[in-house]
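Encoded as structure tokens, the structure appears first; notes follow it.
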Amino acid sequence: MALNHLRRADPVMARLITKVGPCRFGPITDHSHFFHIARSIVYQQLSGKAAATIHGRFIALYRNAALQPGEVAETSDERLRGVGLSRQKASYIKDLAGRVHRGELPLERIETLSDAEIIAALTTVKGIGKWSAQMFPMFRLGRPDVLPELDLGIQKGIKLAYGLRSLPSPKRVLKIGKPWSPHATVASWYLWRSLDGPDE
């Protein structure tokens, strides 16, 4: 259904789908919402290997990988800094944990919110900008119609696919991507994959 819509709506996207091949996009279903948002904060601006090491040490501070927001909120800055988190990231994680624990960020019912409401709620947390907030409904909830216009990979993918002379502005990304709705998430996946090339 999504691929048929994208092929009909945009001939450039149709060529991209043929080039990349079958869509293998699917949401991440393991662990809790809190776990994944905290993980995204740890991984910000770090290489995958370094981030994975720090994240592993962070998880090891607690009795189980479920991560209880109240327990994380009460963790001292010194302990968080001790596993390799910067002072800033430690404050971001504690802000996230405190908001979830107090019920200010309603993760237990976040699936009932619209994409815009989810992004608005997540961006109240220190250290979570619009890009990070958009990744959550896409990759955690599997929402079908999210277009992360600030994402460099999306901009590069559009530049390549549409033969643009320069990277498109976020505003132009939204304009080019308008015909993809209500399947912008799948279109985004194809743009990211187009930078890697087709599967062997």
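Can you name every residue in region 90-124 that is part of a helix (DSSP H, G or I), more than 19 Å from I59 (Cβ to Cβ) and of a type in the set (K, R)?
Answer for region 90-124, where residues must be part of a helix (DSSP H, G or I), more than 19 Å from I59 (Cβ to Cβ) and of a type in the set (K, R): R99, R109.
Could you grab me the full set of residues in region 39-81 that are aliphatic (A, V, I, L, M) and in a helix (DSSP H, G or I)? First the steps, then the outcome.
Residues of region 39-81 aliphatic (A, V, I, L, M): 41-42, 46, 50-52, 54, 59-61, 65-67, 72-73, 80.
I41, V42, A50, A51, A52, I54, I59, A60, V72, A73, L80 - these are the residues of region 39-81 that are aliphatic (A, V, I, L, M) and in a helix (DSSP H, G or I).
Can you tell me which condition D95 does not meet? The list is (1) at pLDDT 95 or above; (2) open to solvent by less than 40 Å² (accessible area, probe 1.4 Å); (3) within 25 Å of T29 (Cβ to Cβ), and all the others hold.
So the condition that D95 fails would be (3).
Hey, K126 hits all of (1) of a type in the set (D, E, K, R); (2) open to solvent by less than 60 Å² (accessible area, probe 1.4 Å); (3) in contact with a helix residue (DSSP H, G or I) (Cβ under 7 Å, 6 or more places away or on another chain) but one; which does it fall short on?
(2)
For (1) hydrophobic (A, V, I, L, M, F, W, C); (2) in contact (Cβ under 8 Å) with a residue 60 or more places away in the chain; (3) touching a strand residue (DSSP E or B) at 6+ places or on another chain (Cβ under 7 Å), each residue gets a yes or a no:
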site: D151; (1), (2), (3): no, no, no
site: Q155; (1), (2), (3): no, no, no
site: I158; (1), (2), (3): yes, no, no
site: L174; (1), (2), (3): yes, no, no
site: V186; (1), (2), (3): yes, yes, no
site: S194; (1), (2), (3): no, yes, no
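Return the pair list, or none, for Cβ contacts closer than 7 Å from residues in region 29-50 that are of a type in the set (D, E, K, R) to residues that are open to solvent by less than 30 Å² (accessible area, probe 1.4 Å), at least 6 apart or on different chains.
If the second residue must be open to solvent by less than 30 Å² (accessible area, probe 1.4 Å), the pairs left are R39/H55.
The values are calculated or read from the model by the stated rules, or taken from the named source; none is laboratory data. Since the model is a prediction, treat every value here as computed from it, not as a measurement. As a convention, Cβ positions derive from the backbone with ideal geometry for all residues, glycine included, and neighbour counts pool all protein chains shown. We work out accessible area using only protein heavy atoms, side chains counted, and drop any ligands, DNA or RNA first. Shrake-Rupley method; radii C 1.70, N 1.55, O 1.52, S 1.80 Å.
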